[in-house]
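To start, the structure under review is shown below, and the notes come after it.
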Amino acid sequence: MNEMNLQNVLNAFNIKHNIAPYGNGHINDTFCSDPTKYIIQRINTKIFTNPDELMENIENVTLFLKEKIVALGGDPDRETLTVIKTIDGENCYKYNDDYVYRVYTFIDNTKTVENDKTVEDLYNAGKGFGKFQQMLADFPVEKLHETIKDFHNTPKRVEALKTAIAEDKAGRVKSVQSEIEFALKNAEFASMVVDLMAKGEVLPRVTHNDTKINNILFDNETGEAIAVIDLDTVMPGSMLYDFGDALRMGASTGAEDETDLGKVSVDRECFKFFAKGYLEETKDVLTPMEIELLPFSMKLMTYECGIRFLTDYLNGDTYFKIHREHHNLDRARNQFKLVAELNEIEDELKAVVKSLL
Ligand code: ADP
Ligand code: GN1
Ligand code: MG
C-alpha cells in the first residue's frame, strides 16, 4: 500500500498523526500512531476472509467484556480493546477487498513480553487468560461467527500437512524428511481433544484460541496482565487450547524461532507459575478431565503449531509472515524440539498441576 493510499485510511478514521509499523504479530499488519493514541491494523483478508463477520465478533465480544469489567470495578477503556469507528460510522475501512483496516485505541502504559519474560509475567498472564475465560463464560455463543473454520482441529491440521507433502508446491519435501517423519510419527495424539469434545467429555467454551504470550498486555507499573488482545479468533473451543497455546511460547526457554535448539527446552518454573495463575481464576469451573489434560494441552498445541509451520514451509510460506529464508522451518524444528521433550515429562508436569490444587 503506498503512502497516498495509507493517507486515505487515516482520513477515513480522521487520524491526523503519523504512523509506523508496530509489534511482532505473524498475521496482520500493525501500525501505531505517533504520539501513541491509535493502533491501526490491516486485517489479513487472505486468512480472515470475512472481515465483516470478524469485526462483528470483536464488537460483540468487547462490548460484552466492557460490561463485565465495569461490574468488576475495572476500567473498560484499558482492560479490553476499543474499536474506533470510521467517520462514516463503520467498524472498519475497506479500501478494496484486499486492504481492509481497523483502528483500536492504543492501551497506554503497558508492555508485551516476548522472550524476556519472568515467572511473575507468567503468573500474571495465567491470571489474565483465566479471567478472560471466566468473563466470557456466559457470552451468547450463538452470536459468534467462526472466523477460521477448524482452527484448532489438530487432525485436520495433520491432513493439511499430508496434502502439502503430496503437493510439494515449493519443492522442499526432500529436504525436510526427518521433520516430516517426526510430525507423522507423533500424529497419534492429534485427535485426543477433538474426540473428547465430540464425546462431551471436554466442554465447549468460548475461548480466545490464540493465547500466545504477546497477545496480552501487562501494566507497566503493577506488572499485572490487564488486557487480552488479538481477539480475531475468539470462537467456541476448549480451554485446553488456550492453556496449552500460552505455554507453547510462555514456557519455552527460547524464542519461537530460536535456531540453537540447545537453548530450547520446557521451562518448568514458567509452566508452574502460569498454571498457578490460571487455576486461581478457573479451578472451580474446570472439570477433572480438563485439569488432567492441562500438561498434555501444552504438547498438543506445540505440536499443532509445529505442523502448521512445517505445512506453511512446504506450501511456500503463504500463511505466516516470515522475516528470513527458512523461517517457518526454523520455527517448526523449534516446536518439535519442545514436543520431543514434552513426550518425556508429562508425569512431571502432572505432578506440578496436582501440587497447585
Ligand atoms: P497479530 O494478529 O498480527 O498478532 P496483534 O493484534 O496481536 O496482531 O497486534 C500486534 C502487536 O501490537 C501486539 O503484540 C501488541 O504488542 C500490539 N498491540 C495490538 N493492539 C494493541 C493495543 N490496543 N494497544 C497497545 N498495543 C497493541
Ligand atoms: C499467529 O496472530 P499471532 O501472531 O498472534 C497465529 C497463531 C499461531 C501463532 C504462532 C490467526 O498468531 O494461531 O499460534 O501465529 N494466528 C492465526 O506464533 O493463525
Ligand atoms: Mg498477536
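Per-structure values
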quantity	calculated
Strands (runs of 3 or more DSSP E) lying entirely in region 14-97 (those with 2 or more residues that are away from ligand 3 (no atom under 16 Å from the Cβ) and surrounded by fewer than 15 Cβ atoms within 10 Å (Cβ to Cβ))	18-21
Candidate set from region 237-265 (those that are within 15 Å of ligand 1 (Cβ to nearest atom) and among the small types (G, A, S)); member that is nearest to the chain's Cα centre (by Cα)	A246
Residue list for region 206-222, restricted to those being surrounded by fewer than 20 Cβ atoms within 10 Å (Cβ to Cβ) and either of a type in the set (S, T, Y) or more than 16 Å from ligand 1 (Cβ to nearest atom) (or both)	T222
Boolean, E201 is among the charged types (D, E, K, R) and modelled with pLDDT of 95 or more	no
D312 vs. criteria surrounded by fewer than 22 Cβ atoms within 10 Å (Cβ to Cβ), under 20 Å from G25 (Cβ atoms) and at pLDDT 95 or above	no
Identity of the residue in region 275-308, of a type in the set (D, E) and free of Cβ contacts under 8 Å to residues at least 60 places away in the same chain, that ends up farthest from E159 (Cα to Cα)	D284
Check on A170, free of Cβ contacts under 8 Å to residues at least 60 places away in the same chain, aliphatic (A, V, I, L, M), surrounded by fewer than 17 Cβ atoms within 10 Å (Cβ to Cβ) and not assigned by TED's automatic domain parsing to the domain that holds I69	no
Tabulated pairs, region 106-130, first more than 22 Å from Y38 (Cβ to Cβ), second among the polar types (S, T, N, Q) and more than 16 Å from ligand 2 (Cβ to nearest atom), C-beta under 8 angstrom, 6+ apart or interchain	G130/T282
Test: residue in region 35-50 that is under 30 Å from T222 (Cβ atoms), of a type in the set (S, T, Y), more than 16 Å from ligand 2 (Cβ to nearest atom) and modelled with pLDDT under 95	yes
Some residue of region 330-350 being free of Cβ contacts under 8 Å to residues at least 40 places away in the same chain, in a helix (DSSP H, G or I) and in contact with a Gly (Cβ under 7 Å, 6 or more places away or on another chain)	no
Selection from region 15-36 of residues that are near ligand 1 (Cβ under 8 Å from one of its atoms) and either in contact with a Lys or Arg (Cβ under 6 Å, 6 or more places away or on another chain) or closer than 23 Å to D317 by Cα (or both)	Y22, G23, N24, G25, H26, I27, N28, D29, T30
Of the criteria (1) under 18 Å from the mean Cα position of the chain (by Cα); (2) farther than 30 Å from F31 by Cβ; (3) assigned to a helix (DSSP H, G or I), which one G128 fails	(2)
Where a residue in region 197-212 is touching a residue at least 24 places away in the same chain (Cβ under 8 Å) and its partner, wherever it lies, is part of a strand (DSSP E or B) and within 16 Å of ligand 1 (Cβ to nearest atom), with Cβ under 8 Å and at least six apart	V206/M235; T207/M235; H208/V228; N209/M235; T211/V228
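Residue-by-condition table, conditions (1) farther than 15 Å from A255 by Cα; (2) over 15 Å from the mean Cα position of the chain (by Cα); (3) not hydrophobic (A, V, I, L, M, F, W, C):
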residue: S297; (1), (2), (3): yes, no, yes
residue: T302; (1), (2), (3): no, no, yes
residue: I307; (1), (2), (3): yes, yes, no
residue: L314; (1), (2), (3): yes, yes, no
residue: D317; (1), (2), (3): yes, yes, yes
residue: H323; (1), (2), (3): no, yes, yes
residue: N334; (1), (2), (3): no, yes, yes
residue: L338; (1), (2), (3): no, yes, no
residue: L342; (1), (2), (3): yes, yes, no
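The values are calculated or read from the model by the stated rules, or taken from the named source; none is laboratory data. Computed from a predicted model, the values in this text were never measured in an experiment. Here Cβ is always computed from backbone atoms with ideal geometry, including for glycine, and neighbour counts include all displayed protein chains.
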